[in-house]
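Report on the following structure.
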Amino acid sequence: MASALQASHAGFRESGYWLDKTVDQLLSEAAAKAPDKIAIVADRADREQARRFTYSELVRLADRAASSLLRLGVGAGDVVTVQLPNWWEFVVTAFACSKIGAVMNPVMPILRERELGYILNFCQTKVFIVPKSYRGFDYAAMAQGMRADLPHLKHVIVADGEGETSFDRMLLSTEADKLPSGLRPDDMAVLMFTSGTTGEPKGVMHTSNSLVACCKALTGRFGLDSTDVLLVASPVGHMTGYAAIVLLSVHLGGTMILQDVWEARRGVNLMAGEGVTYTAASTPFLGDICDAVKAGAPHPKSLRAFLCGGAPIPSILIDRAAAELGLKVCSLWGMTEVLSGTLTEPARAAEKSAHTDGRAQDGMEVRIVDTDGRLAPTGESGRLLVRGAQMFKGYYKRPELPTFDGDGWFDSGDLAYMDKDGYIRISGRVKDILIRGGENVPVVEIEDLLYKHPAVSAVAVVGFPDARLGERGCAFIVPRTGSTIDLAAVQSYLGEAKMAKQFWPERVELVAELPRTASGKIQKFKLRELATALQTEA
């Protein structure tokens, strides 16, 4: 397997998918070309005025932070865990880590002691960077309260804090020293834990080469350049925010707009005011933008492309975005291990985004195989395998976990089918498949139909155990404000849509919201547990 992977790595270089550039080289090159250009506009919900940083200022701050981390005992290969919202301090830290060969470990602000304790101990984190307060929660107090159980943790640094532990005092108060050699292109640059749709987080290792390959592929597919302005509303603790927007913006030499709390009207105001041309986010963000503009927010006329991933995009939402915003919504399939595996290009967005999750990105390959490992016929669902320039390096400290086969293919755990043009459609997770009476239930198609119901705001269909049929279907529905819906209405609606009766959900539960990861993916394992519990109680 090693020789096959080595050969593919050489091929990535020869084909230009791997540029052998490190994360900090992206920043150095952008600053050299346009030192006075605005690199970051940092908007915060608790501030009236956004802060602005030029590329030369960003380099100066990253150099200072890198020197300070060295003085704190952080060296090559050491992990720096960063639990920050979309603040400029996150960006500075990411480039500072790269400059000294340290590993950036972004974690989501929603995590608390239980999850953080595992990650910090597992990574033997030396430095933990948190906000003083965010959305009413005291992160500094939480971090300090955990220290007794974290023997490797030497420093807690508080962004927006005061005194000796503040980010400004600890990382930015002195001029930069001469820095040693930093990351190499094939070193682990970022360690990001899976978002937990299956309940089992794993540390995913990416190199600068895989991250930059993602930026290069997105640049080509969207036709982006240094004139582009990118909104970072997706969390930077997830690969969408970190790789597909923050690093992409610096790769382009463009401008990133950081929004730390997603509030749709404020976001749309930023888009209109700053001339945002591109963003990437999950489906709920897109619906929020449409609603905000309909309610009177300014039209973001410069926005021309929206990368949308994490879940199938309801066709009604794509049509709405096109009609109300003139916006091309481009569907994507990716995961922490894969980055951006498939993407629908803007030119075919209207045709393909509602019904597919795109075609393979440049430098990536996908194939769909049956249970025997043979290629599945066109239109037939099977396991989705992927390989290419954006793939992860492996799972941190978990060599026993399966990664690549002898030919370099990674089993995504997703089920999908491919159309005649090479575009794929995710049809479910291997672990999420619903089998009723021996028949595979087309969960994605049912959900897409129900999204079109006027009373449905969001929906997820899962299975629960049944003694006779093996499984039955339960639809968890978030109703629209002022609306309601029940099982009879759902079944009647699907009957009118000519959906086979065997596929109809046999239980409907109305909920205020669906459990999601921070990136917007629905955590179906939680819904299956709930459906099973409800059935047991019945």
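Rule-based calculations on the coordinates, nothing more; no lab input. Keep in mind that what you see is a predicted model, and the values were worked out from it rather than measured. No Cβ is skipped: glycine too gets one built from the backbone with ideal geometry, and neighbour counts run over all protein chains shown.
Brief remarks follow.
- In loop segments of the stretch 154-186 as defined by DSSP, the GluC sites (Glu not before Pro) with at most 15 further C-beta atoms inside 10 Å of their C-beta are 162, 175.
- In nm, spacing of pseudo-spin labels at residue 177 and residue 445 (7 Å Cα→C-beta vector): 6.4
- Rounded tilt (10° steps) of 208-222 against the dominant C-alpha axis of the chain: 60
- Of the GluC sites (Glu not before Pro) found in the stretch 451-538, those that fall in a DSSP loop while having at most 13 other beta-carbon atoms within 10 Å are 513.
- When the charge dipole of the chain is built from unit charges on Cβ atoms (+1 for Lys and Arg, -1 for Asp and Glu) and taken about the Cα centre, the candidate among 282, 249, 7 whose Cα reaches farthest toward its positive end is 249.
- Residues within the reach of a label modelled at residue 316 (point 7 angstrom out along Cα to beta-carbon, backbone nitrogen below 19 Å), restricted to the stretch 468-483, are 475-483.
- In terms of packing, defined here as the mean over residues of other Cβ atoms within 10 angstrom, the peptides 110-120, 229-239 line up highest first as 229-239, 110-120.
- Cβ-based net charge around residue 126, under 11 Å, with every Lys or Arg adding one and every Asp or Glu removing one: 0
- Net charge of Cβ neighbours under 12 Å - reference residue 294; Lys, Arg +1; Asp, Glu -1: -1
- Sorting 484-494, 341-351, 210-220 by their mean Cβ neighbour count within 10 Å, with the most densely packed peptide first, gives 210-220, 341-351, 484-494.
- Between 0 and 90°, nearest 10: helix 315-325 axis offset from the chain longest Cα axis: 50
- Over the chain: helical MRE at 222 nm, DSSP H runs n ≥ 4 each giving -39500 (n - 2.57), nearest 500: -9500 deg cm²/dmol
- Potential lengthening between residue 302 and residue 435 on full extension [0.36 nm per residue; Cα-Cα distance subtracted]: 43.3 nm
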